[in-house]
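Heads up, the thing below is written out as structure tokens.
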Amino acid sequence: MKIEGIYLVTDRKACAPARIEDVVLQAVEGGVSVVQLREKELDTRGFVEEAIRLQRLLKPKGVPLLINDRIDVALAAGADGVHIGQSDMPYPLARKLLGSQALIGLSVENEEQLMAAEMLDVDYLGVSAIFPTPTKIDTKYCWGIDGLRRARKMSSHRLVAIGGIGKENAAAVLEAGADALAVVSAICAAGNPAQAAMALHEIYRKIRKPTPDGRLRPPDAAKQHLTPTKWAHD
């Protein structure tokens with residue numbers, strides 16, 4: 001299963017007063033292809049219960065559910081995988097616990113971490129943060145568009161860009177080399193999550209115009225890095 005398109009990261013406060021489940025369903029209706037459940041304040045029981053509810057909703061739709069940080073919650077809920085940061089459980093141990101079929105993404109916050117991740121068989125890298133964002137107040141470094149271009153040329157992994165991404169800059173981020181756009185407030189805080197997701201999805205489709213055989217084109221920066229054989233079998 002490939003990570004691409006519009007990647008929703010949930011935020012309970014931004015979704016309020018709507019329920020997370022309702023926002024997620026509307027977002028998927030609008031074209032979101034991956035959902036990450038991020039809960040910083042719920043206790044373990046509440047986190048697991050929310051994850052189970054979302055997994056029951058998303059599984060029939062073929063949309064993977066990833067859990068932020070918590071391998072135990074992912075296992076308990078039968079989620080499709082996890083997204084971990086540099087201070088979370090080490091990737092090799094997470095892979096050992098979750099198995100070869102799980103989707104595992106890893107955040108990289110600078111070029112040193114990006115290059116270290118080249119030694120890992122992660123499913124994608126979360127390039128964080130592209131732009132300043134109020135949902136990630138501990139950010140010490142922002143990649144920007146030029147930094148993302150460098151990351152694309154340096155890395156063989158799929159890149160999920162996150163941080164301050166919305167309709168106004170989505171095209172530039174995709175053209176710089178992102179395989180997916182991770183968004184929080186742009187959908188969670190929208191008056192109409194389905195329309196917000198649809199607008200981002202249309203930008204993605206415009207940039208990644210399908211080839212005659214139906215595959216989506218990778219960004220130009222990615223084609224400079226990847227061999228034709230790797231792209232053809234991706």
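The values are calculated or read from the model by the stated rules, or taken from the named source; none is laboratory data. Bear in mind the structure is a predicted one, so any value in this text is a computation, not a measurement. Don't worry about glycine lacking a Cβ; one is built from the backbone with ideal geometry, like all the others, and counts go over all protein chains shown.
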Query raised in the report: For the stretch 92-115, how many residues meet the condition of being part of a helix (DSSP H, G or I) and touching a Gly at 6+ places or on another chain (Cβ under 6 Å)?
Result: 0
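So is I67 modelled with pLDDT of 95 or more, in contact with a Lys or Arg (Cβ under 7 Å, 6 or more places away or on another chain) and in a strand (DSSP E or B) or not?
Numbers: modelled with pLDDT of 95 or more: yes; in contact with a Lys or Arg (Cβ under 7 Å, 6 or more places away or on another chain): no; in a strand (DSSP E or B): yes.
For I67, the condition - modelled with pLDDT of 95 or more, in contact with a Lys or Arg (Cβ under 7 Å, 6 or more places away or on another chain) and in a strand (DSSP E or B) - is not met.
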Query raised in the report: Which ones in the stretch 165-183 are surrounded by fewer than 24 Cβ atoms within 10 Å (Cβ to Cβ) and assigned to a loop (DSSP other than H, G, I, E, B)?
Result: G166, K167, E168, N169
Report summary line: P132 vs (1) modelled with pLDDT of 95 or more; (2) under 27 Å from G147 (Cβ atoms); (3) surrounded by fewer than 20 Cβ atoms within 10 Å (Cβ to Cβ): all pass except (1)
Report summary line: Scanning the stretch 184-218 residue by residue, those part of a loop (DSSP other than H, G, I, E, B), at pLDDT 95 or above and either surrounded by 15 or more Cβ atoms within 10 Å (Cβ to Cβ) or touching a helix residue (DSSP H, G or I) at 6+ places or on another chain (Cβ under 7 Å) (or both) turn out to be V184, A189, A190
Report task. Could you figure out which of (1) more than 16 Å from the chain's Cα centre (by Cα); (2) surrounded by fewer than 21 Cβ atoms within 10 Å (Cβ to Cβ); (3) at pLDDT 95 or above isn't true of K40? Result -> (3)
Report summary line: Note on K140: of the conditions (1) within 21 Å of Q86 (Cβ to Cβ); (2) surrounded by fewer than 24 Cβ atoms within 10 Å (Cβ to Cβ); (3) under 16 Å from the mean Cα position of the chain (by Cα), unmet is (3)
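Just to be sure, is M89 in a loop (DSSP other than H, G, I, E, B), more than 25 Å from G30 (Cα to Cα) and hydrophobic (A, V, I, L, M, F, W, C)? Lay out the reasoning, then the answer.
Working: in a loop (DSSP other than H, G, I, E, B): yes; more than 25 Å from G30 (Cα to Cα): yes; hydrophobic (A, V, I, L, M, F, W, C): yes.
So M89 fits the description; yes.
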Query - Conditions (1) of a type in the set (V, I, T); (2) over 16 Å from the mean Cα position of the chain (by Cα); (3) surrounded by 13 or more Cβ atoms within 10 Å (Cβ to Cβ); number of the one not met by V28 - result: (2)
Query raised in the report: Is at least one residue of the stretch 73-82 buried (at least 20 other Cβ atoms within 10 Å of the Cβ) and either in contact (Cβ under 8 Å) with a residue 60 or more places away in the chain or among the hydroxyl-bearing types (S, T, Y) (or both)?
Result: yes
Query - Close pairs from the stretch 109-129: first within 15 Å of V82 (Cβ to Cβ), partner surrounded by 16 or more Cβ atoms within 10 Å (Cβ to Cβ) and among the acidic types (D, E), Cβ under 8 Å, at least 6 apart - result: Y124/D179
